Each structure stands twice: as C-alpha cells, then as structure tokens.
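This report refers to the structure that appears directly beneath it.
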Amino acid sequence: MSRILVTGGAGFIGSHLCERLLERGDEVTVLDNFNDFYDPAIKRRNATLVERAGGRVVEGDFRDAEQVTALFDEGRFEAVVHLGAMAGVRPSLLDPLHYEDVNVRGTLVLLEEIRRRGGVRFVFASSSSVYGKNEDVPFREDDDIHHPVSPYAATKRAGELMCFTFHHLYGIPTTCLRFFTVYGPRQRPEMAIHKFVRKTLRGEPIPFFGDGSTRRDYTYIDDIVDGVVRSIDRCEGYEIYNLGESQTTSLAELVDAIGEACGRAPVIDRQPMQPGDVVVTYADVTKARERLGYAPQTLVREGLARFVAWYREEGLA
C-alpha cells in the first residue's frame, strides 16, 4: 500500500485512476480546484465516486504553496501523480498566461515541496502535443521536439524539463507520461469523441476540421490507467514514456465508427483546419512495453461502443 496524492483527481483520467488505486489498497488523496473549464458538477460527481471508493477529496489549488505544505504534512505522501492542469490546445491560444501559470508554476510548487521532503516519487502527466508537427512517425520518446505549436504543448514540454532539472539536482524519482488522446466514460464534454457522440445522437452537425485525413492515436481510459499505475510502481531515475494505443484512426474513420456505434449517420459541418492542430499523433510504445509491461488492449471501435453504452446509461442521450 502507498500513500498517494493525485492532483486533478476529480477529472476524467484522475477519477478512474483513483478508483483503480483504491481498489488495490492504496491510500489516495485528491487535490482538485473544481474550476469551470467545463461544468464543475461533472467533476463533483466524479469526486463522489472517488469518495465512495474510500478516497479523500480536498478542494484546493496546487499553486497554493501553503495548502500544498499542509496537505503533505497531513498525508505523508510516498508518491504524487500530477494530473491537474489547464488542458486543451485551442483554449490555450486564448489565454496562454493562465496556462503557463497553472501548468508550469503549479508544477514547480509541487516539485519544490517534494524537494524539501525527499523520498517522494513524482509522476507527471505530459501530452502527445509536445511532438508538435513532427512528421517522423510513430513518435518516440527520444525524438527532437523543440517546436511545439501551441501554448498548451509548450507548457507540457516545460513541465518535463522542470521535472528533469529537479531530478538532476535533487534526485527526485520522476516519470513523465505522454498521453495520446484519451477517451472513454467520463471523458471531458468538449473533447472530440464526447462531442461527436452527443451531436450525432441529437442529430446536430459535427464540426469536421480539414478534409478528414488528420489521424490520432486514440487511447481507451482503461489502458491509460493501467500504464499510469505501472509507472507509479516503477518510478525511479528520470524517464519519459509514451502511453498510446500504438495505432492511428483518421478523422473520417472516427466519424464513421461513431455513426456505427450510435446507430445513426452523423451530420457533417466542414470547417478549415484550426491553428495549433497537428496532422498526426502516433505513439511508439516500445519503451513502455519493455520497461513497464504496458500492453494496450482496446481497439477504437470496441472503445467507442463502450463509450456510447455509458453515455446512454447515464441518461445523456
């Protein structure tokens, strides 16, 4: 059993991770500020699920150094999983200063606390966005990624660099995880799959950016959580891992698959490519397979069927 702090634990990935950790016997504390990036009521429902599973939920902000110190004093954490962040490529173009403050300075507050404590493992949630317009696919952890194309991507790369600096100077065991387009039950409502399913079931047009040839490595939530748990248990030195499904699906293929899962044809609203978007994301997960035992299992069509089933069970249709 480990005592683990999960920032952003009331979110999509965080709530699933907390349930998995609690299920296996870990002691879990969530720190989440329940901001209004999307409906806070959704996160509060997630938090209730975590509490019912035996976790503790604290409302607060990881940028608040005094609160973080008090939480560490009380929790005596052995590991921190830092999922909390301002998310999304397109919104980051509108408020880059806020993204920097939360994603970079907030990460530094946690690293500083861990530096003072010693003996705490740090798992940092990064993103496939750090690869920018890299055209050499699949993406490998040792690729040259000096050209992020959105403020969000830049803040995530900056977080990775700060993590390395603190590991180098103070020996903090650190793992950075580059997530590739995670989806599944409880997915944030503004994300593509959730939005597309909602609009398809309502008969509303789907915003379809570009010609449909852009490709993403869609990763089901259960596979991501498995990778995160494995990284917590094997966190030593400084490592970066891709966590993806290791296959790609085009936008056109995704929309067709969503129509099949929903049982009705999507209505397409064609729009130009958006600033900050990339043509492809595609994870090489060789390193995670070999060192973590990571083995994604869920094909996109199976995952979409599960998501639509959850959507209907929740009465959202």
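Could you please tell me which pairs satisfy a Cβ distance under 8 Å, a separation of 6+ or placement on different chains, a first residue in region 232-259 that is within 22 Å of Glu160 (Cβ to Cβ) and among the polar types (S, T, N, Q), and a second residue that is at pLDDT 95 or above and part of a helix (DSSP H, G or I)? Here the result reads Asn242/Ser128; Asn242/Lys287; Asn242/Ala288, each pair linking region 232-259 to a residue that is at pLDDT 95 or above and part of a helix (DSSP H, G or I).
Table: residues versus (1) surrounded by 14 or more Cβ atoms within 10 Å (Cβ to Cβ); (2) of a type in the set (Asp, Glu); (3) within 18 Å of Phe196 (Cβ to Cβ).
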| residue | (1), (2), (3) |
| --- | --- |
| Ala261 | yes, no, yes |
| Asp277 | yes, yes, yes |
| Tyr282 | yes, no, no |
| Glu290 | no, yes, no |
| Gly315 | no, no, no |
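Considering only region 133-184, how many residues are in a helix (DSSP H, G or I), surrounded by 16 or more Cβ atoms within 10 Å (Cβ to Cβ) and not aromatic (Phe, Trp, Tyr)? Looking only at that region, the number is 12. For Val130, the test of being in contact (Cβ under 8 Å) with a residue 12 or more places away in the chain, farther than 22 Å from Ala192 by Cα, of a type in the set (A, V, I, L, M, F, W, C) and not in a loop (DSSP other than H, G, I, E, B) is failed. Quick check: is even one residue across region 3-14 surrounded by fewer than 17 Cβ atoms within 10 Å (Cβ to Cβ) and more than 27 Å from Arg90 (Cα to Cα)? The answer is yes; a qualifying residue exists. Sort out which residues of region 60-90 are surrounded by 15 or more Cβ atoms within 10 Å (Cβ to Cβ), at pLDDT below 95 and either at negative phi or of a type in the set (Lys, Arg) (or both), and write them in order of number. Val89 - this is the single residue of region 60-90 that is surrounded by 15 or more Cβ atoms within 10 Å (Cβ to Cβ), at pLDDT below 95 and either at negative phi or of a type in the set (Lys, Arg) (or both).
Any residue in region 18-29 that is farther than 17 Å from Gln187 by Cβ and polar (S, T, N, Q)? Yes: region 18-29 contains one or more residues that are farther than 17 Å from Gln187 by Cβ and polar (S, T, N, Q).
Selection of first residues in region 30-48 that are part of a strand (DSSP E or B) and of second residues that are among the acidic types (Asp, Glu), restricted to Cβ pairs under 7 Å at least 6 apart or on distinct chains, gives the following pairs, ordered by first then second residue: Asp32/Glu59. Looking at Arg291, Arg301, just one residue is in contact with a helix residue (DSSP H, G or I) (Cβ under 6 Å, 6 or more places away or on another chain), charged (D, E, K, R) and part of a helix (DSSP H, G or I), and that residue is Arg301. Pick from region 262-317 the residues that are polar (S, T, N, Q) and farther than 24 Å from Val229 by Cβ: which of them is nearest to the chain's Cα centre (by Cα)? Across region 262-317, the extreme among qualifying residues is Gln274. Going through (1) at negative phi; (2) surrounded by 19 or more Cβ atoms within 10 Å (Cβ to Cβ); (3) among the polar types (S, T, N, Q); (4) under 20 Å from the mean Cα position of the chain (by Cα) one by one, Ser246 falls short only on (1).
From Lys199, Lys195, which residue is free of Cβ contacts under 8 Å to residues at least 40 places away in the same chain, part of a helix (DSSP H, G or I) and surrounded by fewer than 21 Cβ atoms within 10 Å (Cβ to Cβ)?
Just a single option satisfies the conditions, and that option is Lys195.
Ala257: of a type in the set (A, V, I, L, M), more than 22 Å from the chain's Cα centre (by Cα) and outside any loop (DSSP other than H, G, I, E, B), yes or no? Taking the combined requirement at face value, the residue satisfies it. Note on region 46-57: residues that are surrounded by fewer than 18 Cβ atoms within 10 Å (Cβ to Cβ) and either at positive phi or not hydroxyl-bearing (Ser, Thr, Tyr) (or both) amount to 6. Starting from residues that are surrounded by fewer than 24 Cβ atoms within 10 Å (Cβ to Cβ) and hydroxyl-bearing (Ser, Thr, Tyr), keep the ones in region 15-45 and report whichever is modelled with the highest pLDDT. Residue satisfying both the conditions and the ranking: Thr29.
The values are calculated or read from the model by the stated rules, or taken from the named source; none is laboratory data. Being a predicted model, the structure only gives us computed values, none of them experimental. Please note: Cβ atoms are built from the backbone with ideal geometry, for glycine as well, and neighbour counts cover all protein chains shown.
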